Amino acid sequence: VSKGAGKSQWRRYQPELHTTIVEQLELRAELDHAIHNNQLVLEYQPIVRLSDGHTAGFEALLRWNHPTRGRLAPDAFIDVAEESGLVVPIGEWVLKTAVEAARTWRREHPTGAPYVAVNVSARQFRTPGFVRLIKRELAGHGLPPSCLMLEITESLLLRDDEQVWDDLAEVRRLGVRVAIDDFGTGYSSLSYLRHVPLDVLKIDRLFTGTIATSAQQRALVDGIVRLAHTLGLEVVAEGIETTEERDLLRRTGCPYGQGFLFSRPMPLPAALRWLRLKQLAA
Ligand code: C2E
Ligand code: MG
Ligand code: MG
Ligand code: MG
């Protein structure tokens, strides 16, 4: 990019559009490597109760410390992981690591310990043995199932796959909670919400980012929150960046939120420090 290039020009240049098949293959090979070379790390972003700032949970978010490209966000490699099937071993590592982290902060804060929310791709969820893996990880770390939340996407539900429904129900019977991520961005059909075994609805940051400036968006969010309450679902608003957004959400009755206003995703030691500070302040 030339020095004089304006911000908008810079934004319009999207490197991913230039990715060739060769580069994809390269990335795939490197990703395979990454799993075995400790290049993957998790960061944890607090999920906060809006009424009083209490930390209800942390979402585990994946990063890749790439040897030459630096730290990569999941958007840069999750598609490749998904298409290649590597998302299965990666997801296994994520689950294991996240459960270990939850175990760690539970040791320090035995009462009212936050849960850990783990993103699960559709492919990973549909892998035979996924429910067994969850049981094994929880049992292996002596962690109650209420400490774990799975974040799934609408794409998993759109297939109308009986096995998926059964597995979701079984996971919830264990006491693990299930959240639908990025709600409102996909081909949401509201009808599935009545049937699918779910506990939490996460409002995508697309909505959060516009409530302060658009009355229409505010009305939409209001509607989503009320819908969720009617269906007995918990709500988490994603991507809260300003106090104004937080206050507006609080006023609509949205109980939980997450976003840079509270904290960016952070490595485990920083998440533990965050919890200690909150405890001191309480
Ligand atoms: P997500 O699950 O919706 O996660 C929230 C994303 O929003 C994260 O991006 C987080 O860093 C970002 N975020 C949080 N607060 C704010 C805010 O206030 N403002 C803005 N602008 N952004 C905020 P991240 O970490 O880049 O992750 C992107 C997506 O990658 C995630 O979206 C999730 O779908 C996926 N992902 C992350 N970790 C995993 C994983 O372990 N497995 C799978 N399958 N997918 C993952
Ligand atoms: Mg998520
Ligand atoms: Mg989301
Ligand atoms: Mg998202």
For the chain, built as a Gaussian network whose Cα springs stay under 10 Å, the top-fluctuating residue of Pro144, Pro110, Pro46: Pro110
So what is the diffusion coefficient of the stretch 210-282 in µm² per second by Stokes-Einstein at 37 °C and 0.692 mPa s, using a Kirkwood Rh over Cα pairs? 241
With the chain treated as a Gaussian network of Cα nodes joined by springs under 10 Å, which of Leu174, Leu31, Leu190 yields the largest mean-square fluctuation? Leu190
Pull out the extension gain between Leu261 and Val41, defined as 0.36 nm times the separation in residues minus the alpha carbon to alpha carbon distance; nm, one decimal. 76.9 nm
The aspartates and glutamates whose Cα lies under 15 Å from the Cα of Lys278, excluding any fewer than 8 residues away in the same chain, are Asp52, Glu108
Pop a pseudo-label 7 angstrom from the Cα along the beta-carbon direction at both His195 and Ser51 and give the gap in nm to one decimal. 3.5
With no solvent term and unit scatterers on the alpha-carbon positions of the stretch 150-259, Debye gives log₁₀ I(q)/I(0) at q = 0.12 Å⁻¹ of -0.40
Test of understanding: express the Cα radius of gyration of the stretch 31-95 as a ratio to 2.2 N^0.38 Å, with N the residue count. 1.32
Against the 2.2 N^0.38 Å scaling, with N counting residues, where does the chain land? I'd like the Cα-based Rg ratio to two decimal places. 1.03
To the nearest 0.05, what FRET efficiency results for Glu244 and Arg132 with a Förster distance of 51 Å applied to their C-beta separation? 0.65
Would you mind putting 129-138, 237-246 in packing order, based on average other-beta-carbon counts within 10 Å, highest first? 237-246, 129-138
Helix runs (DSSP H) in the chain reaching 24 Å along axis by Cα, Kyte-Doolittle at least 1.6: none
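Bear in mind that the values in this text are calculations on the coordinates, not laboratory data. What you are looking at is a predicted structure, and each value in this text was computed from that prediction instead of being measured. Reconstructed Cβ throughout: ideal geometry from the backbone, glycine too, with neighbour counts over all protein chains shown.
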